[in-house]
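The values are calculated or read from the model by the stated rules, or taken from the named source; none is laboratory data. Predicted, not measured: the structure shown is a model, and the values here were computed from it. Neighbour counts are summed over all protein chains in view; Cβ atoms, including those assigned to glycine, are modelled from backbone coordinates with ideal geometry.
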Amino acid sequence: GYINARSALDWAEAHFRPTQLVVAGASAGSIAAPFYGQLLARAWPQADVAVISDASGGYRSGAVNGLLHTWGTPQILRQAGDYDQLAAETADFEDLTIQAGLRAKQLRFLHYNTARDESQRFFLSLLGAAADADLVTKIRANEADIRSELPGRFTSFTDTGVEHMILAYPRFYERAVAGTSFRDMVAAFLDGDVRPAVDCGICQQ
């Protein structure tokens, strides 16, 4: 999809001068969202750019790097530029967020995941990784990696349940953890308020 996206971005650069941009992706689309956020930030360096990644935070597996190579991701990153310091032989999904954030200081990031996301557990099993109820541990570890590199610019909402994705569903307006609704957290995030991470703790289903 990069060729089509690049064509659309070239057209947009010639026709728009936005001051605020939001990049949102769900499932596999959320993996690429930081990359496209960085491209938008480079195209409009004065714009405020917020990136929301929905339901891809648990893929903590050495097999992820091989998947990126299968998709041709290293080649795309080289074409796009700005990713020359990314170690292609070890890169994972979290590195895409970290590298995007390091290269575009106006970027901020929000992740949403459910603690027992059935789809993420299924895809982890295809990667040969343990896909048991400990998915939430993988999610938290990945979030910690990003947070340590992008302090103050990354936050997350880890919810109870097994559902995969929230952005396109009514539960976007319904879900809350520890008194904080996801809808309200997103609204604050889009206004520039990167609130502390919300986590379901024991995360009963």
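What are the residues in the range 130-180 that are assigned to a loop (DSSP other than H, G, I, E, B), modelled with pLDDT of 95 or more and more than 17 Å from Asp54 (Cβ to Cβ), if any?
Leu150, Pro151, Gly152, Arg153, Gly179
Please find, among Ala129, Ala100, the residue that is in contact (Cβ under 8 Å) with a residue 24 or more places away in the chain and either within 24 Å of Gly201 (Cα to Cα) or touching a Lys or Arg at 6+ places or on another chain (Cβ under 8 Å) (or both). Even if it seems obvious, please write down each step before you answer.
Working: Ala100 fails: either within 24 Å of Gly201 (Cα to Cα) or touching a Lys or Arg at 6+ places or on another chain (Cβ under 8 Å) (or both).
Unique residue meeting the criteria: Ala129.
Residues that are without any contact (Cβ under 8 Å) to a residue 60 or more places away in the chain, crowded, with 20+ Cβ neighbours inside 10 Å, under 19 Å from Ala8 (Cβ atoms) and of a type in the set (Phe, Trp, Tyr): does the range 34-55 have at least one?
There is at least one residue in the range 34-55 that is without any contact (Cβ under 8 Å) to a residue 60 or more places away in the chain, crowded, with 20+ Cβ neighbours inside 10 Å, under 19 Å from Ala8 (Cβ atoms) and of a type in the set (Phe, Trp, Tyr).
Quick check on Leu68: is it surrounded by fewer than 17 Cβ atoms within 10 Å (Cβ to Cβ), free of Cβ contacts under 8 Å to residues at least 60 places away in the same chain and either more than 25 Å from Ile166 (Cα to Cα) or in contact with a Leu (Cβ under 9 Å, 6 or more places away or on another chain) (or both)? Even if it seems obvious, please write down each step before you answer.
Numbers: surrounded by fewer than 17 Cβ atoms within 10 Å (Cβ to Cβ): no; free of Cβ contacts under 8 Å to residues at least 60 places away in the same chain: yes; either more than 25 Å from Ile166 (Cα to Cα) or in contact with a Leu (Cβ under 9 Å, 6 or more places away or on another chain) (or both): yes.
It is false that Leu68 is surrounded by fewer than 17 Cβ atoms within 10 Å (Cβ to Cβ), free of Cβ contacts under 8 Å to residues at least 60 places away in the same chain and either more than 25 Å from Ile166 (Cα to Cα) or in contact with a Leu (Cβ under 9 Å, 6 or more places away or on another chain) (or both).
Filter the range 185-205 down to the residues that are part of a loop (DSSP other than H, G, I, E, B) and among the small types (Gly, Ala, Ser), then identify the one that is surrounded by the most Cβ atoms within 10 Å (Cβ to Cβ).
In this case the residue turns out to be Ala197.
If I go through the range 85-99 residue by residue, how many of them are under 10 Å from Ile146 (Cα atoms) and of a type in the set (Ser, Thr, Tyr)?
Here the count works out to 1.
Out of (1) farther than 17 Å from Ala28 by Cβ; (2) surrounded by 22 or more Cβ atoms within 10 Å (Cβ to Cβ); (3) in contact with a helix residue (DSSP H, G or I) (Cβ under 6 Å, 6 or more places away or on another chain), what's the single condition that is false for Val136?
Checking Val136 against (1) farther than 17 Å from Ala28 by Cβ; (2) surrounded by 22 or more Cβ atoms within 10 Å (Cβ to Cβ); (3) in contact with a helix residue (DSSP H, G or I) (Cβ under 6 Å, 6 or more places away or on another chain), the one that fails is (3).
Name the one entry in Thr158, Thr114 that is in contact with a Ser or Thr (Cβ under 8 Å, 6 or more places away or on another chain), of a type in the set (Ser, Thr, Tyr) and under 27 Å from Leu40 (Cβ atoms).
Working: Thr114 fails: under 27 Å from Leu40 (Cβ atoms).
Criteria check complete, one pass: Thr158.
I'd like the full set of residues that are polar (S, T, N, Q) and within 8 Å of the chain's Cα centre (by Cα), limited to the range 51-65.
Once the filter is applied, which keeps residues that are polar (S, T, N, Q) and within 8 Å of the chain's Cα centre (by Cα), the range 51-65 yields Ser53, Ser56.
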